[in-house]
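Below you'll find the structure, written out as structure tokens, and then a few comments.
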Amino acid sequence: MGGRILVIKLGALGDFIQALQAFQAIRRHHADAEITLMTTAPFETLAHACGWFDRVWIDPRPGFRHVRQLWMLRRRLRAAAFDRVYDLQTSDRTGWYFRLLRGARPEWSGIAPGCSHPHVNPARRRMHTVDRLADQLATAGIPAVPPVDLGWLDADVTRFALPERFVLLIPGGAAHRPAKRWPAAGYAELAGRLAARGLPPVIVGGPDEQAAVTAILDVCADAVSLLGRTTLLDIAGVARQAAAAIGNDTGPMHIAAAVGSPSLVLFSGTSDPALCGQRGPDVAILRRSDLRDLPVAEVEAAVRLR
């Protein structure tokens, strides 16, 4: 089936990783089509690396009052002459994009009022992200959404000189949602316990994790910090080598789980693993309403090593 296809998935990282199965299914269904992905800048490298898209557009994310920018986006969308759009973001923003195409609308899979292939399942808000996307594709004529091949989600990480056997720690999380983070002191104590068992921790994260990394390094001299040194593909490469991965409900833990690292994910009451929990061949979840109440000993006992 040829034609021109647009797939929209803007973020965040965990949502993008959980859409990979849907991306692959769209490519297999539209094997001969020219497929464009509209996403945001942090995911451009992943979008190119997967090989499922012929083009990658970075969404300019114009403000709804920025008439000129909206007009330019409308002109670009119309000029592309897409035959079908798979809106996997299904947000207010992408609903506006549907409205921009008034008078020249392609087939559209999503929830925008008036679209040709609406996902109207009344349970959609109670479905896990992966299952919801598969259900949306089924309503648009793609009934088969098989397990995703993630052989491409990898990187050469030899430059990091990683320990022969280690545990990956991912102590970060969205800065604006601190309740999703297990306290840094917990990670520091856990790091010391793991190192005593011959499992030095390797830590990944960004600038917002500096305090947590400092706390870990103060307690555990054997810890290896890769803070600010890893790309998303690097995180996958490190996770593939780790004996286990432990972290908060955050995007990099979705990567670790997806590539098969035995993953222990710490959830607070502010998010529901039934709706957004990490998926992979070996995932365990510990949940507390308040992560400050989660004992280190319980986390250590729940870790499954390979």
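Rule-based calculations on the coordinates, nothing more; no lab input. These numbers come from a predicted model, not from an experiment. Quick reminder, even Gly has a Cβ in these numbers, built from the backbone with ideal geometry, and neighbours come from all protein chains shown.
When a/c reaches 1.5 or more, the comparison of a/b and b/c decides; with that in mind, is the stretch 111-150 rounded, prolate or oblate per its Cα gyration tensor?
Note, shape of the stretch 111-150 comes out oblate.
A Cβ-based charge dipole, computed about the Cα centre of the chain with Lys and Arg at +1 and Asp and Glu at -1, lands at about 1220 debye.
Considered as an equivalent ellipsoid built on the Cα gyration tensor, the chain has semi-axes of 38, 19, 18 Å, the largest given first. Under a 5 Å amide H cut-off, with hydrogens placed 1.01 Å from N, residue 285 pairs with 265 among residues at least 5 apart or on other chains.
Going by the alpha-carbon gyration tensor, a ≥ b ≥ c the square roots of its eigenvalues, is the stretch 158-302 rounded (a/c under 1.5) or, if a/c is not under 1.5, prolate (a/b greater than b/c) versus oblate? Taking the square roots of the gyration eigenvalues as a ≥ b ≥ c, the stretch 158-302 is rounded. Separation of the stretch 216-241 from the stretch 287-306 is 20 Å, based on Cα centroids.
To the nearest ten degrees, helix 129-139 and the longest principal axis of the Cα atoms of the chain are 20 degrees apart. Considering only the Cα atoms of the stretch 4-139, their convex hull presents on average a projected area of 7.8 nm². Rounded to the nearest 20, the size of the Cβ-charge dipole of the stretch 158-302 about its Cα centre is 220 debye, with Lys and Arg at +1 and Asp and Glu at -1.
Scanning residues 5 or more positions from residue 35 or on other chains, those with amide H under 5 Å from its amide H are 5, 54, 55, with H placed 1.01 Å from N in the peptide plane. Backbone geometry of the stretch 254-267 corresponds, through the Karplus equation with coefficients 6.51, -1.76 and 1.60 at θ = phi - 60°, to 3J(HN,Hα) couplings of 5, 5, 4, 5, 5, 8, x, 5, x, 10, 10, 10, 9, 10 Hz, x marking Gly and Pro. Restricting the calculation to Cα atoms, the stretch 84-202 shows an Rg/Rh of 1.16 when the hydrodynamic-style radius is the Kirkwood one. Scoring 274-281, 125-132 by mean Cβ neighbours within 10 Å over their residues and listing the highest first yields 274-281, 125-132. Annotation: amide H of residue 202 within the under-5 Å range of 167, 168, 169, 224, sequence separation 5 or more or interchain, hydrogens built in the peptide plane.
For the stretch 64-73, backbone phi angles converted through the Karplus equation (6.51, -1.76, 1.60; θ = phi - 60°) give residue-by-residue couplings of 5, 9, 8, 4, 4, 5, 5, 5, 5, 5 Hz, Gly and Pro being listed as x.
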